[in-house]
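Encoded as structure tokens, the structure appears first; notes follow it.
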Amino acid sequence: MAEPIAALRFCAWCPNLCRSAWPESGAQREAATPSALSALALMLAEKRVRPDASVSAALGDTAMAEACRPACPYGYDIPAAVAAVAGADHAG
Ligand code: SF4
């Protein structure tokens, strides 16, 4: 789990340098950027938010993070890091 957490910590404070990979025609949803997902996943991992339906729905909205993943200059796979945290949480 250390590796996903480290990625989330870094990404949560990144100004979404990968965002250029998201098409202009796509809906711009600030809650779905990689850094926003990372911040929420980190809060979940640190038990600062409850794992309720709204959190699960937000963390499952990975279309933007998936599209931006190849453009991350740091090589992070944020959808995988989010899934690791969300899966660990759901596991108990
Ligand atoms: S995926 Fe990479 S470039 Fe995009 S916000 Fe996270 S750290 Fe920054």
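The values are calculated or read from the model by the stated rules, or taken from the named source; none is laboratory data. Please read these numbers as outputs of a predicted model, since none were measured by experiment. In this analysis, Cβ positions are derived from the backbone assuming ideal geometry, glycine residues included, and neighbour counts consider all displayed protein chains.
Quick one: would you say A63 is crowded, with 16+ Cβ neighbours inside 10 Å and under 12 Å from the mean Cα position of the chain (by Cα)?
No, not satisfied.
Please verify whether R29 is away from the ligand (no atom under 11 Å from the Cβ), surrounded by fewer than 19 Cβ atoms within 10 Å (Cβ to Cβ), basic (K, R) and in contact (Cβ under 8 Å) with a residue 24 or more places away in the chain, treating the condition exactly as stated.
Yes; evaluated as a whole, the condition is true for this residue.
Specify which of the listed residues (C72, C68, C18) is surrounded by 19 or more Cβ atoms within 10 Å (Cβ to Cβ), within 11 Å of the ligand (Cβ to nearest atom) and closer than 19 Å to E3 by Cα.
C72
Hey, among the residues in segment 75-92 that are of a type in the set (G, A, S) and at negative phi, which one's nearest to the ligand (Cβ to nearest atom)?
This residue is A81.
When segment 64-92 is examined, which residues are found to be over 24 Å from S20 (Cβ atoms) and not in a helix (DSSP H, G or I)?
Those that are over 24 Å from S20 (Cβ atoms) and not in a helix (DSSP H, G or I): A91, G92.
If you scan segment 22-63, which residues turn out to be assigned to a loop (DSSP other than H, G, I, E, B) and closer than 15 Å to A7 by Cα?
If the condition is that a residue be assigned to a loop (DSSP other than H, G, I, E, B) and closer than 15 Å to A7 by Cα, then T33, E46 are the ones that fit.
Taking only pairs six or more apart or across chains, which ones have beta-carbon atoms under 7 Å, a first residue in segment 66-85 that is within 16 Å of A45 (Cβ to Cβ) and of a type outside the set (A, V, I, L, M, F, W, C), and a second residue that is part of a helix (DSSP H, G or I) and more than 8 Å from the ligand (Cβ to nearest atom)?
Hits for this filter: P79/E66.
Across segment 12-32, what is the number of residues that are more than 12 Å from C72 (Cβ to Cβ), modelled with pLDDT of 95 or more and polar (S, T, N, Q)?
0
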